[in-house]
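One structure is given below, encoded as structure tokens.
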Amino acid sequence: MANMFPFSSDGQDPANLRDINEPLIDHSEGQLFLNEAFKIIIEEVLCKGTDVKQKVCEWKGPEDLALLLDLELRAEGEPQQRLLQRVKDVAKYSIKTSHPRFFNQQFAGVDYHALAGRFLSEALNTNLFTYEVAPVFVLMETEVLRSLRQLVGWTEGDGIFCPGGSTSNMFAMNLARYRLFPEVKSQGLWAVPRLTIFTSAESHYSVKKGAAFLGIGTDNIIEVKVDEGGRIIPEDLDEKIKLTKSQGAVPLLVSCTSGTTVRGAFDPLDRIADVCEKHNVWMHVDSAWGGSVLFSEQHRHLMKGVARANSVAWNPHKMLMAGLQCSAFLLQDTTNLLKKCHSANATYLFQQDKFYDVNLDVGDKTVQCSRKVDCLKLWLMWKAVGSIGLAERVDKAFNLVRHLVEQMKKREGFHLLWEPEFLNVCFWFIPPSMRGKEGNADYQDRLTNVAPAIKERMIKQGTMMVGYQPLGDKVNFFRMIVLSPLVSKEDMDFSLDEIERLGNDL
């Protein structure tokens, strides 16, 4: 590898450093580069990347891709034209997640107002921890969080934007523990008894990660039974809490889910709230995926009872397309619990004798120091289309799912695993060679290989992207996520045609 740091032992550049008064950055040259780079981004990512006539991906294996990109970092810089080609290569070989036929994850599409907000926040490059360095965004985040809490049903409360829903879920666990045992902050795990967390087997894996990270332990995650739709059974939750108490443990938190990752199930929040209130257990709702139904009068009933929760995780970068990342952690608490739990009172940042209201210095509410501005993209998009426009996006996605399911039921070979409650459509594709042979001994083994084989073909041809996974006793099946307003009924029909085309010879 070339020497990246060609300095002598005394720290001097043998080729002589530039004069100290000579600027190392040429602003005019840099701005010209940025202008040309933006042209490439607009053409390759926002024009071609949203065009159904273009590929979702230009797939390369890791060895070929590394060679194409020439990833090695060297001592000498490169000319602008070479750098612009690198920008184009990065765009060309990246997955086009804004493409109308990208159904792979719980994020997709592009909102241009939110994107403008993302560009602006990157250009301003500030840290959202004190009012003195981020006055606009401290006030903006406060207003966005207030508006999100209103949709939950709270007139008061607290919150913070987090680096992803997993962090929001961990914050809920940490606050629930601090509320019961505030001494844990100073004394550590010696200060607390065995704690238990209750959730379903279909909840997000971050619940287990959070328990491990916080020292609660994954063995103390108690799985609650679910019904045929993947929703928590409140009666089983009640029994599991009683059992935990009888064993001397302290029930800490119930993590409900509004929009589970695979099935898109919504736990019955009202009935779970009854159980949580009965046992004085913190109720957290992970609505990272499903929270945006609260904008829709037609579909907000899916989260009936959410206002009774202690905390809510909600990712507008998913269904609302605010852009990665945009994750809100919302609290009903009005006692400043978030700051009490997480603060370290760093005197070089959070001086108490500032000339403005120091309550505006929100950075001590989070475990982070550096914190990106994640509220601007959501605020600008919300300002552009309003709550009505966001509700229309939610309703359109549900309508597209209904069309997809209707068409799927008309076609031989498509087997729907569950009637979708949300925007997750889970199904098997049965190739002609396997139809009518469900009783064969090797049927399940053959079926589990179908989705991976079709997925490989669609990626290598670049026509579309759909995820797959097993769940419980169900072997690999497709999970198609429909959320982007760029998607049409024609795209729904194409996806079924394409799966047939790619899988009919298996």
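Zone of N449 (label point 7 Å along Cα→Cβ, backbone N under 17 Å): which residues in region 479-503?
Backbone N within reach: 503.
Cα convex hull of the chain: mean projected area in nm², to one decimal?
29.9
Whose amide H sits under 5 Å from the amide H of F414, counting only residues 5 or more places off or on another chain, with H placed in the peptide plane?
Counting only residues 5 or more places away or on other chains, the set is I430.
May I ask you to evaluate 6.51 cos²θ - 1.76 cosθ + 1.60, the Karplus curve with θ = phi - 60°, for each residue of region 242-258 and list the ³J(HN,Hα) values in order in whole Hz, giving x for glycine and proline?
Rounded to whole hertz, the list is 4, 5, 4, 4, 5, 8, x, 8, 10, x, 9, 7, 10, 9, 8, 10, 10.
At a Förster distance of 35 Å, what's the computed FRET efficiency of L68 paired with E29, Cβ-Cβ distance as r, to 0.05?
0.85
Hey, got the dipole for region 118-209? About the Cα centre, +1 on K and R Cβ, -1 on D and E Cβ, debye to the nearest 20?
With Lys and Arg at +1 and Asp and Glu at -1, about 440 debye.
Note the full-extension length gain between Q461 and H301 as 0.36 nm times their separation in residues minus their Cα-Cα distance, in nm to one decimal.
53.5 nm
Which is farthest toward the positive dipole end of the chain among Q85, L330, F350, measuring Cα position about the Cα centre, with Cβ charges +1 (Lys, Arg) and -1 (Asp, Glu)?
Farthest along the dipole direction, towards plus: L330.
Looking at the chain, send over the antiparallel percent of its DSSP beta bridges, to the nearest 5.
Percentage antiparallel, nearest 5: 55.
Within region 389-407, list the residues whose amide N lies under 11 Å from a label point set 7 Å along Cα→Cβ of D493.
Taking a point 7 Å out along Cα→Cβ of D493, no residue of region 389-407 has its backbone N under 11 Å.
At 0.36 nm per residue, and after removing the present C-alpha to C-alpha distance, how many nm does the segment from E406 to E36 gain when stretched out fully?
In short, 128.6 nm is gained.
How large is the helix-only mean residue ellipticity at 222 nm for the chain, computed as the sum of -39500 (n - 2.57) over DSSP H runs with n ≥ 4, divided by its residue count, in deg cm²/dmol to the nearest 500?
Mean residue ellipticity at 222 nm (helix-derived): -12500 deg cm²/dmol.
Size of the dipole of the chain about the Cα centre, Lys and Arg at +1 and Asp and Glu at -1 on the beta carbon, nothing else charged, in debye to 20?
Using only the charged Cβ atoms, the result is roughly 1000 debye.
Dipole of region 206-308 (Lys/Arg Cβ +1, Asp/Glu Cβ -1, origin at the Cα centre): which of Q298, V250, A212 lies farthest to the positive side?
Selected residue: A212.
Between beta-carbons, use under 10 Å as the cut-off and find the net charge around Q332, counting Lys and Arg +1, Asp and Glu -1.
-1
Just need the relative contact order of region 321-433 here, percent rounded to a whole number, with Cα pairs under 8 Å and 6+ apart.
18
Ranked highest first by the average count of other Cβ atoms within 10 Å around their residues, in what order do 262-275, 58-71 fall?
Going by the mean number of other Cβ atoms within 10 Å, highest first, we get 262-275, 58-71.
Normalising by the residue count of region 16-146, find the relative contact order in percent from Cα pairs under 8 Å and 6+ residues apart.
Answer for region 16-146 is 24 percent.
Can you work out the FRET efficiency for the pair D219 and E277, with r the C-beta to C-beta distance and R0 = 35 Å, to the nearest 0.05?
Result of the calculation: an efficiency of 0.85.
Sort 455-462, 154-161 for me by packing, meaning the mean count of neighbouring Cβ atoms within 10 Å per residue, highest on top.
The most tightly packed comes first, giving 154-161, 455-462.
If the cut-off is a Cα-Cα distance under 15 Å, which aspartates and glutamates reach K209, setting aside same-chain residues fewer than 8 apart in sequence?
Within the straight-line limit of under 15 Å, K209 reaches these aspartates and glutamates: D219, E223, D286.
Cβ under 10 Å from L252's Cβ, L252 left aside: what net charge do those residues give with Lys, Arg +1 and Asp, Glu -1?
Every neighbour counted, the sum reads +3.
Where a number appears in this text, it was derived from the coordinates with a stated rule and is not lab data. The structure displayed is predicted, hence computed values, not measured ones. Counting neighbours? That spans all protein chains shown, and the Cβs are built from the backbone with ideal geometry, glycine included.
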